[in-house]
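Asker: Could you have a look at this structure, given as C-alpha cells, before my questions?
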C-alpha cells in the first residue's frame, strides 16, 4: 500500500479523469484543497514513481500501475461506505467522511471480508459503482436529471457526495437512490426543474439537478425514504459507458439482476 497522501492523489485523479485528456493541476488542487504549487511537486514525484504520466500544461493521467492502485483505494472507500451505512446505520451524509478516515488503514483482506458480508454490492450508498477485485465496474446507463424532458418518470440512481450541504438538502427532500420521481416541468428562464417526489412537489436549481443521475425503465430493490439508502440495489437498464471516475475501462458482463 502507498502512503495516505499518495493514495489521495491517485484517487482524485481517478475520479476527475476524462478519457483522452489529462487532469489539470488547478482541477486537482481544487479537488484536494491544496495549493497548485504543491500539487505540481507531488505530480512530479508520482511520475518518478511511474504512477502518473505528467506533462506541464497538459495535465496528469494515471499509468496502468497508478490506475490499479487508485481503483483499489476507490474499492476500499465505497465498500466501507456501504458497510457503515447498512451495518452501522450511519446516514447518507456521514458515510463519506468516515470512510475517508478508514480507507487508508483497511487491508485488502479486511475489505474483501466486508464485501462478502455485504453480499458483493455493486454500488455504494450514493449510487457510485464499486470496482470488483479485478478493477472492473459495471456500465452506466443513467442520465443527468437536468437532461430529462418534462413528463419523464425515472428513478434516482446516483447522488453526488462531494458537496455535503447539497447532499443533506437532497436527502431531506427524499431524493436518494431508489426514489421514484416525475419531472413535471422545466423553468426556461433559469433552467430549474419541478419534480414530483412521492406526494411532494419540489423545485431544484439547474446546478443542484446536475448532482443527480437518474435511470428510466428500472426495477429498484431497496429503500427510498429520506435518510435511507439502498441495501443492494438492482436494475435492468442497459449497460454502457462508465462510472464516476472512468477507472478501468472494461465493463463487466451484463447481469440480469445488475444495476445500471
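Asker: For the range 99-109, what are the residues that are more than 15 Å from residue 4 (Cβ to Cβ) and touching a helix residue (DSSP H, G or I) at 6+ places or on another chain (Cβ under 9 Å)?
Answerer: Taking the range 99-109 as the starting set, the residues that turn out to be more than 15 Å from residue 4 (Cβ to Cβ) are 108-109.
Across the range 99-109, the qualifying residue is only 108.
Asker: Restricting to the range 1-44, and then to whatever is closer than 29 Å to residue 109 by Cα and part of a loop (DSSP other than H, G, I, E, B), can you tell me which residue is modelled with the lowest pLDDT?
Answerer: Residue satisfying both the conditions and the ranking: 1.
Asker: Are there any pairs, at least 6 apart or on different chains, whose C-beta atoms fall under 6 Å, with the first in the range 127-154 and under 15 Å from residue 193 (Cα atoms) and the second in a loop (DSSP other than H, G, I, E, B), and if so, which?
Answerer: Filtered contacts from the range 127-154: 144/210; 146/210; 154/216.
Asker: Right, next: Identify all residues within the range 55-66 that are in contact (Cβ under 8 Å) with a residue 24 or more places away in the chain and not in a helix (DSSP H, G or I); write none if there are none.
Answerer: At the first step, the residues of the range 55-66 found to be in contact (Cβ under 8 Å) with a residue 24 or more places away in the chain are 55, 58-62, 66.
Of everything in the range 55-66, those that are in contact (Cβ under 8 Å) with a residue 24 or more places away in the chain and not in a helix (DSSP H, G or I) turn out to be 55, 58, 59, 60, 61, 62.
This table checks each residue for (1) assigned to a loop (DSSP other than H, G, I, E, B); (2) touching a residue at least 40 places away in the same chain (Cβ under 8 Å); (3) within 17 Å of residue 160 (Cα to Cα).
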residue	(1), (2), (3)
46	no, yes, no
50	yes, no, no
68	no, yes, no
74	no, yes, yes
77	no, yes, yes
88	yes, no, no
113	no, no, no
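Asker: What's the total number of residues in the range 121-136 that are under 12 Å from residue 158 (Cβ atoms), assigned to a loop (DSSP other than H, G, I, E, B) and touching a strand residue (DSSP E or B) at 6+ places or on another chain (Cβ under 8 Å)? Break it down stepwise before answering.
Answerer: Of the range 121-136, the ones under 12 Å from residue 158 (Cβ atoms) are 123-129.
Adding the requirement that they be assigned to a loop (DSSP other than H, G, I, E, B) leaves 124-128.
Those still in the list that are touching a strand residue (DSSP E or B) at 6+ places or on another chain (Cβ under 8 Å) too: 126-128.
Number satisfying all stated conditions: 3.
Asker: Residues of the range 90-104 being touching a residue at least 40 places away in the same chain (Cβ under 8 Å), under 17 Å from the mean Cα position of the chain (by Cα) and part of a loop (DSSP other than H, G, I, E, B), which ones?
Answerer: 91, 92, 93, 103 - these are the residues of the range 90-104 that are touching a residue at least 40 places away in the same chain (Cβ under 8 Å), under 17 Å from the mean Cα position of the chain (by Cα) and part of a loop (DSSP other than H, G, I, E, B).
Asker: Listed residues 182, 134; which is more than 27 Å from residue 15 (Cα to Cα) and surrounded by fewer than 20 Cβ atoms within 10 Å (Cβ to Cβ)?
Answerer: Values: 134 fails: more than 27 Å from residue 15 (Cα to Cα).
The match here is 182.
Asker: Can you tell me which residue is surrounded by the most Cβ atoms within 10 Å (Cβ to Cβ) among those in the range 52-61 that are under 25 Å from residue 163 (Cα atoms) and at pLDDT 95 or above? Step through it out loud before you land on a result.
Answerer: Let us first name the residues in the range 52-61 that are under 25 Å from residue 163 (Cα atoms), namely 59-61.
Next, only the ones that are at pLDDT 95 or above stay: 60-61.
On the way: 60: 30, 61: 19.
Ranking the qualifying residues of the range 52-61, first place goes to 60.
Asker: Also: For the range 169-180, name all the residues that are out of contact with any helix residue (DSSP H, G or I) (no Cβ under 8 Å at 6 or more places or on another chain) and closer than 18 Å to residue 213 by Cβ. Explain how you work it out, then say what you get.
Answerer: Taking the range 169-180 and keeping what is out of contact with any helix residue (DSSP H, G or I) (no Cβ under 8 Å at 6 or more places or on another chain), we get 171-175, 177-180.
Of everything in the range 169-180, those that are out of contact with any helix residue (DSSP H, G or I) (no Cβ under 8 Å at 6 or more places or on another chain) and closer than 18 Å to residue 213 by Cβ turn out to be 171, 173, 174, 175, 177, 178, 179, 180.
Asker: Something else about it: So, residue 192, is that one surrounded by 14 or more Cβ atoms within 10 Å (Cβ to Cβ) and on the phi < 0 side of the Ramachandran plot or not? First the steps, then the outcome.
Answerer: Numbers: surrounded by 14 or more Cβ atoms within 10 Å (Cβ to Cβ): yes; on the phi < 0 side of the Ramachandran plot: yes.
Criteria met by residue 192.
The values are calculated or read from the model by the stated rules, or taken from the named source; none is laboratory data. Everything numeric here is computed off the predicted structure, so don't read it as measured data. We place every Cβ from the backbone using ideal geometry, glycine too, and count neighbours over all the protein chains shown.
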